[in-house]
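Accompanying notes for the structure given below.
Read-outs throughout are calculated quantities, based only on the coordinates presented, and are distinct from any laboratory measurement. Just so you know, these numbers come straight off a predicted model, no measurement behind them. FYI the Cβ positions are ideal-geometry reconstructions off the backbone, even for glycines, and counts take in every protein chain you see.
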Amino acid sequence: MTSAPVPASVAALRSDHQAGQSLVLGMVLMGAAIVALIHFFQLGQVVAARSKQTHALDAAAYSGALVQARALNLLALINRTQVGHQVAMAHLVTLASWASFGATEALQFARGNPPAYLIGMLFGPEHGAAYASAALAAGMDALARDDGALAQAFLAHDALVQGSLRVAGRQVADSVVDARRAMMEAVLEASYAGAPAFFTPGDGGAPALHIEEDGWPSYLQTHAGLSLRPFVLQAAAHYGFLKPRNHTQRNPWVVDARCPSRRHELRRRGATELDAQGLWQSIDTQSHHALRSNRWIGCYFREYAMGWGWVPTQAQARLAEPHVAQPPENFAQQDFWRWVQEHTDWNIASGSGNPMANSHAVAAGVRWQGGGLPPYLDTRQGGPDAVGFVAILKRTGPQSLRIRTRSAAQAFFDRPEPRPDGRIETANLFRHYWQARLSADLLPAED
């Protein structure tokens, strides 16, 4: 069978009904595209806001670590300044003992006890001339008195190390947390200029910026002053003026057949010491030891003290060298050797010191007052070579979404070049080698 042909009027009607269906579909697709574009635009805004927030927080965290590094470097400089003041105090104490030594030697020269010609004859003209030149030092012991110029300069140094420097170090350490936050907030404010709502409270009333895993509060430790002693001694060892001042000149002549190998001796002794309590003291002495002999004790040295000066920096300080507290003015009433046997345990047969001059130095009563080595701040023993923190920033972004980002930074110790001795130097507050860096290692893996 064959179908009948469709009338032209019916075909035209069907064509009119189908016209516009593609337009509807196109409008639907266009609407969906617009929604997608809006979604992707919004998503792009969120991504851009998060990226900007991440960069801003990284800059703030780095700035916070830089505050820590600068504080650690400042503490290192304060500790080095403490050591420098101690070296200066050692020089002042030494100058004082030299001044006392010169003044007393001037008195002995004037008294002729012993006479200068005898020193020159026995030990050479240069020693005689040096003894005679002590006359120029007469009265210099006024510098060494506790109210003298040297003592006052010593007290000024002591006031700095016990007061200003010590307090400054503690204030620097205590102010880091607040200074770090202020710096980070300033950086964030600069990054978000024109956004006054940046520091609106976060969830639960917490601030928008806060710190986690902060290592600063437990990173530093106050060390006892005596722990500073090795550093001070190491620094003082560079100065020849503070080194031992020991010299013995022996007369070449045979004096007594009973002891043909022994000679008259001129002993110069001197030392600047930082004792076990962290207190400076300095002593300078010189004595002529005349070789004598008798039938009771054989050969021995009769000491003639020529000059002395001892300056401790505490009233209770003790001199370690052999001495007595109250030596006799002279030995007109009793022989020297017999007095030594009855009142001391000195070895006058083969000794090497100046015990009689030491005794006069102690009896002179020159005693300064000092506080000793001050406590100081350093890293904890065995602690890490870096101190860091994690910063968290919460901020309302596009579409009122809460954007939360994290960053971590630390101050770390790093020498600019290896040590000359090849040893590894751990983090410390005596070298100002502290720097700042971002540290992804402090962040959880998902961040």
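Which value, in debye to the nearest 20, gives the size of the charge dipole of the chain about its Cα centre, when Lys and Arg are +1 and Asp and Glu are -1 at the Cβ?
It comes to approximately 580 debye.
Magnitude of the Cβ-charge dipole of segment 174-331, K/R +1 and D/E -1, about the Cα centre, nearest 20 debye?
About 2120 debye.
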Quick one: 3J(HN,Hα) in Hz for segment 174-183, Karplus 6.51/-1.76/1.60 with θ = phi - 60°, rounded, Gly and Pro as x. 6, 8, 5, 4, 5, 5, 5, 5, 4, 5
Full-stretch length increase - GLU417, TYR192 - with 0.36 nm per residue and alpha-carbon distance subtracted: 77.1 nm
Roughly how many whole Å is it from the C-alpha centroid of segment 372-447 to that of segment 322-359? 63
Want the number for LEU118 to GLN341: 0.36 nm per residue separation, take away the alpha-carbon distance, what's left? 77.5 nm
Shape call for segment 233-342 from the C-alpha gyration tensor, a ≥ b ≥ c root eigenvalues: rounded (a/c under 1.5), prolate (a/b greater than b/c) or oblate? oblate
Could you compute the net charge surrounding SER164? Neighbours are other residues with a C-beta less than 14 Å from the C-beta of SER164; K and R count +1, D and E count -1. +1
For log10 I(q)/I(0) by the Debye sum over Cα atoms at q = 0.06, 0.07, 0.12, 0.14 Å⁻¹, calculated from these coordinates, the label among [x] -0.26, -0.35, -1.01, -1.33; [y] -0.22, -0.30, -0.96, -1.38; [z] -0.51, -0.61, -1.03, -1.20: [z]
Can you give the relative contact order of segment 124-280 as a percent, counting alpha carbon pairs under 8 Å and 6+ residues apart? 11
Alpha-carbon centroid distance for the pair segment 148-165 / segment 263-310, whole angstrom: 31
Magnitude of the Cβ-charge dipole (Lys and Arg +1, Asp and Glu -1) of segment 258-344 about the Cα centre, nearest 20 debye, reported as 560
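Give me the net charge of ARG292's neighbourhood, meaning all other residues with Cβ under 15 Å from the Cβ of ARG292; Lys, Arg count +1, Asp, Glu -1.
Net local charge, ARG292 excluded: +2.
Pairs of alpha-carbon atoms within less than 8 angstrom and 6+ residues apart define the contacts here; what relative contact order does segment 209-361 have, in percent?
18
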Note down the nm distance, to one decimal, between modelled labels 7 Å out along Cα→Cβ at SER350 and at HIS432. 5.5
GLY225: net charge of surrounding residues, Cβ under 15 Å, Lys/Arg +1, Asp/Glu -1, itself excluded? 0
Relative contact order (percent) for segment 204-280, with alpha-carbon contacts under 8 angstrom and 6 or more residues of separation? 28
Whole-Hz ³J(HN,Hα) from phi, Karplus 6.51 cos²θ - 1.76 cosθ + 1.60, for segment 255-266, glycine and proline x: 9, 9, 5, 5, 9, x, 8, 9, 9, 4, 10, 10
Quick one: which of 367-375, 66-74, 325-333 comes out on top by average Cβ neighbours within 10 Å, and what's the full order, highest first? 66-74, 367-375, 325-333
Taking R0 as 35 Å, what's the FRET efficiency between ASP147 and ALA320 from their Cβ-Cβ distance, rounded to 0.05? 0.85
Candidates THR54, THR272, THR94: whichever shows maximal mean-square fluctuation once the chain is modelled as a Gaussian network with Cα springs under 10 Å: THR54
